[in-house]
Amino acid sequence: MISIPDAEPGQVYLVGAGPGDPALLTLRAAHLLKTADVILPDDLVSEEILELASPTTLIIPVGKRCGQPRITQAGIHDLMLEHTRNDSSVVRLKSGDPLVFGRAAEEIAFLREHHIPFEIVPGITAAFAVAASLEAPLTDRTRASKLILATAHHAAGKLSLTPSWSGSFPDEATLVIYMPGRDFETLAADLIASGIAPTTPCTAVSSASTPQQHTYTTTLAGLRSANVGPAPVILLIGPEVHPAKAQA
């Protein structure tokens, strides 16, 4: 039988909640939710996952709603410091994987600066959950030897419609864009200008792995805002993105 340690007093756990389906949590993540004193979840963490917490656990939402933060990043740091100093165990619960576009670097730096012990518990990032649900491989030995994870959002709330890379887009690559914003036509035009063929398959998935999942399949040139579901949205672009289960 697997023995999983409880959350330790005075320690912070940066935990990946996965894309939304509680069945995709790791065993370690699920056990920490049951044994932690305090949970600081992002808004994208589903209610079904939070229901796994102990009834005595203090849950303090610290995410964003419609792009508007209810608390600053410094405020999140203060909460981690306050509760660990009170000898509580703290789960900082992030959607997907905590090390993929989750501002974990800032929190790790703060925890190290204040000598707060911490552990990172990986989760299934949205790109992998989307690919699995669509039965669409992200790589292929002959046509997609590279996988690029990018985001259109940068520090201080700035939006850059073209994800960052130098020069033209590399050949034989699958591109996954997190948090693409809502101007999909301009985004598509910028990506085409970077060297991606207009006929490249493109799939937009909203609310991945939840009952509300919405999938729209087109080409990069045909990407239109009107057909993409509500946030959160993730885009898969590449020669091997031919979803077996996609529905426009």
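The values are calculated or read from the model by the stated rules, or taken from the named source; none is laboratory data. What you see is a predicted model, and the numbers here were worked out from it, not measured in a lab. So basically every Cβ, Gly included, is an ideal-geometry build from the backbone, and we count neighbours across all protein chains shown.
Quick check on segment 28-61: of everything there that is under 21 Å from the mean Cα position of the chain (by Cα) and charged (D, E, K, R), which residue is nearest to MET80 (Cα to Cα)? Filtering segment 28-61 for residues that are under 21 Å from the mean Cα position of the chain (by Cα) and charged (D, E, K, R), the one nearest to MET80 (Cα to Cα) comes out as ASP42.
Only a single criterion out of (1) at pLDDT 90 or above; (2) farther than 24 Å from ILE124 by Cα is not satisfied by LEU161, namely (1).
Does ASP42 meet the test of being touching a Ser or Thr at 6+ places or on another chain (Cβ under 7 Å) and closer than 26 Å to PRO211 by Cα? Considered against the rule, which asks whether it is touching a Ser or Thr at 6+ places or on another chain (Cβ under 7 Å) and closer than 26 Å to PRO211 by Cα, ASP42 comes out as yes.
Filtering segment 217-236 to residues that are surrounded by fewer than 18 Cβ atoms within 10 Å (Cβ to Cβ), of a type outside the set (S, T, N, Q) and within 22 Å of the chain's Cα centre (by Cα) leaves GLY229, PRO230, ALA231.
Listed by first and then second residue, the pairs with beta-carbon distance under 9 Å, at least 6 apart or on different chains, first residue in segment 224-244 and over 17 Å from ALA136 (Cβ atoms), second at pLDDT below 85, are ASN227/ALA248; ALA231/CYS66; ALA231/GLY67.
Name the one entry in SER145, SER89, SER133 that is in contact (Cβ under 8 Å) with a residue 40 or more places away in the chain and closer than 25 Å to ILE234 by Cβ.
Values: SER145 fails: in contact (Cβ under 8 Å) with a residue 40 or more places away in the chain; SER89 fails: closer than 25 Å to ILE234 by Cβ.
So the residue among SER145, SER89, SER133 that is in contact (Cβ under 8 Å) with a residue 40 or more places away in the chain and closer than 25 Å to ILE234 by Cβ is SER133.
Scoring ALA53 on the criteria (1) more than 30 Å from CYS202 (Cβ to Cβ); (2) surrounded by fewer than 19 Cβ atoms within 10 Å (Cβ to Cβ); (3) of a type in the set (Gly, Ala, Ser) leaves a single failure, condition (2). Taking residues in segment 168-193 that are under 22 Å from ALA144 (Cα atoms) and modelled with pLDDT of 90 or more, and partners anywhere that are among the charged types (D, E, K, R) and surrounded by fewer than 17 Cβ atoms within 10 Å (Cβ to Cβ), the pairs with Cβ atoms closer than 8 Å and at least 6 places apart or on different chains are THR174/LYS146.
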